[in-house]
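*Asks:* Take a look at the following structure, please.
Computed from the coordinates by the stated procedures, all read-outs in this text should not be read as laboratory data. Owing to the predicted nature of the structure, the values given are computational and were not obtained by experimental measurement. A quick note on method: Cβ atoms are made from the backbone with ideal geometry, for glycine too, and the neighbour counts reach across all protein chains shown.
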Amino acid sequence: MDNVILQQDYLGPELTRLADQNGVVGTVLVQVDQTEDETRWLLEQAASFPIIKGVVGWVDLQAENIHERLSHFSSYPELKGCRHIVQSESADFLQRPAFQRGIAELKKFGLTYDVLIYPQHLKGAIALVRAFPDQSFIVDHLAKPYIRQGVMEPWKTQMEELGSCANVFCKLSGMITEADHQNWSYAQLIPYLDTAMEAFGTERLMFGSDWPVCRLAGEYQQVLEIVQQYLSELSITQQRQILHDNAVKFYNL
């Protein structure tokens, strides 16, 4: 069933409709395929649909000609950052000299970096963000903690270490897909949300839908409502930071 859900097209018109239905005024597309062809396609979508305010694409950060490739894509104002699917790599990937050479190029082009990892990569992520204190990083999906199993450590302590670095933001996203797809509950998510809030505060957190991948466990509206419910006791200003302002600031939208 999971494959059926994801093996279909999710395109600009449907994204626009979902955004309108849920009061969302803008969104950022994030890569899923590690090819420059997909990056160009995402940039074309951003130019075609006003709801798309920016793109986090893929460029081979380990390439010897990485400066040239980033220079090429810098002509697209919609490109705001880069991402590599590190969750599929070994635990030491973030320490590879070739990868770090690519990270060192991002700031020259005003680009952010989305950190897509599992908990086993967190130690390396902490070292990476400390090695590049002037580079802006954002942790996707809370680093995919083991929500289904209810495991908190060492994820919690390591997220607190990441949050101590002022150049790191975190997305409140991807939680229900790390829980039991059929039987997750809001209560199960609270300890993980609490950890993120304590580690990053309202100034460095932002909502992420993880759509359409979230459809493995729930719909766009449900994902948004989880975060809205969690934030409901905060001030309007703090809610706006997490639901709008921090994304504009981080991605320079």
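*Asks:* Check which residues have an amide H placed less than 5 Å from Leu172's amide H, if you skip close sequence neighbours.
*Replies:* Excluding prolines and chain starts, which carry no amide H, the hits are Met206, Phe207, Gly208.
*Asks:* Okay, moving on. Assign unit charges at the C-beta atoms only (+1 for Lys and Arg, -1 for Asp and Glu), then state the dipole size of the range 100-253 relative to its Cα centre in Debye, rounded to the nearest 20.
*Replies:* 480
*Asks:* Further question: Counting pairs of Cα atoms in the range 133-253, how many percent are more than 16 Å apart?
*Replies:* 58
*Asks:* By its C-alpha gyration tensor, with a ≥ b ≥ c as the square roots of the eigenvalues, how is the range 35-156 shaped: rounded for a/c under 1.5, else prolate for a/b larger than b/c, else oblate?
*Replies:* Verdict is oblate for the range 35-156.
*Asks:* Here's another thing I want to ask about it. Based only on other Cβ atoms within 10 Å, what is the fewest-to-most ordering of Lys249, Lys171?
*Replies:* Fewest-to-most ranking of Lys249, Lys171: Lys249, Lys171.
*Asks:* If you take the square roots of the eigenvalues of the alpha-carbon gyration tensor of the range 1-81 and sort them as a ≥ b ≥ c, do you get rounded (a/c under 1.5), prolate (a/b over b/c) or oblate?
*Replies:* Cα axes put the range 1-81 in the oblate bin.
*Asks:* Continuing with the same structure: Could you tell me the ratio Rg/Rh of the range 2-251? Both radii from Cα atoms, Rh via Kirkwood.
*Replies:* The Rg/Rh ratio comes out at 0.94.
*Asks:* If you build the convex hull over the alpha carbons only and average its shadow over all orientations, what do you get for the range 85-202? Give it in nm² to one decimal.
*Replies:* The directionally averaged projection comes out at 7.2 nm².
*Asks:* Which distance in Å, rounded to a whole number, links the C-alpha centroids of the range 162-178 and the range 56-98?
*Replies:* 20
*Asks:* Something else: Quick one: of the DSSP bridges fully inside the chain, what percent are antiparallel, nearest 5?
*Replies:* 0
*Asks:* Determine, for each peptide in 22-29, 150-157, the mean count of other beta carbons within 10 angstrom over its residues, then list the peptides with the highest first.
*Replies:* 22-29, 150-157
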